[in-house]
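The values are calculated or read from the model by the stated rules, or taken from the named source; none is laboratory data. If you're wondering where the values come from, they're calculated on a predicted model, not measured in any experiment. We place every Cβ from the backbone using ideal geometry, glycine too, and count neighbours over all the protein chains shown.
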């Protein structure tokens, strides 16, 4: 149903033709797939580790992203004069394939694997190393904030909450350090579009993120918990916006959610930050 981005037609009860994405030949005429097919597809995505909210529009965006990847890979080949696999599609496919081979329980396991990617005698994999480093950054923050019942659901929330924790110390140098860490996390994301980062820069970022994993747990959790208490919503379903300035804000909603943090859990959370 989703190879040709047709879930909207399915939801509306329309019939439509399905095509093989490689040969471009017609497979069948689908008769009004209906919402049951959408629900099944979303269920399959969730079971395979894709985080989706209940909102149909969010589901559609996630499915759209996955179908674009499938279409890129399906129409690409280095054989027969076809175009090469697009960089981003290859990266997503390669990362998914590599990461599902291991279960990571803490950021240091991710960082150690990143080092292996940069020193392997079989061939270096700098893009996978960067992805592992970023996930180590994410893992460290998720574990720190799980103690407060907060599940971090977006990159933006990770950035905000690192600054929030650092700001509670009233240490200008620590806050400057947190901003630097976030800047390097953003650099990893930007690099995913072009793969142009030098290996020496990757090693530098790895060192910075290792320091994050050591330093963050040392920030007084009681102070952070107190400051959070001034901002958290109190009613089920209530949502609040936490804002540092126009360029840095996030939304936090009081909503029970059970999630794993990489290879550990599941844990019961009270709040979702996004």
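Miscellaneous remarks
- Only one of the numbered conditions (1) free of Cβ contacts under 8 Å to residues at least 60 places away in the same chain; (2) touching a strand residue (DSSP E or B) at 6+ places or on another chain (Cβ under 7 Å) is not met by residue 132, and that is (2).
- Within the option set 115, 147, 126, being within 16 Å of residue 211 (Cβ to Cβ), surrounded by fewer than 18 Cβ atoms within 10 Å (Cβ to Cβ) and touching a residue at least 24 places away in the same chain (Cβ under 8 Å) holds for one residue only, 115.
- Only one of the numbered conditions (1) within 18 Å of the chain's Cα centre (by Cα); (2) at pLDDT below 95 is not met by residue 151, and that is (2).
- Residue 89, sole failed condition from (1) in a loop (DSSP other than H, G, I, E, B); (2) modelled with pLDDT under 85: (1)
- Selection of first residues in region 157-175 that are in the same structural domain as residue 218 (by TED's automatic domain parsing) and of second residues that are part of a loop (DSSP other than H, G, I, E, B) and surrounded by fewer than 17 Cβ atoms within 10 Å (Cβ to Cβ), restricted to Cβ pairs under 7 Å at least 6 apart or on distinct chains, gives the following pairs, ordered by first then second residue: 157/274.
- Among the residues of region 223-274, the ones that are in a loop (DSSP other than H, G, I, E, B) and surrounded by 12 or more Cβ atoms within 10 Å (Cβ to Cβ) come to 7 in all.
- Count of residues meeting criterion [in a loop (DSSP other than H, G, I, E, B) and surrounded by 15 or more Cβ atoms within 10 Å (Cβ to Cβ)] in region 167-222: 5
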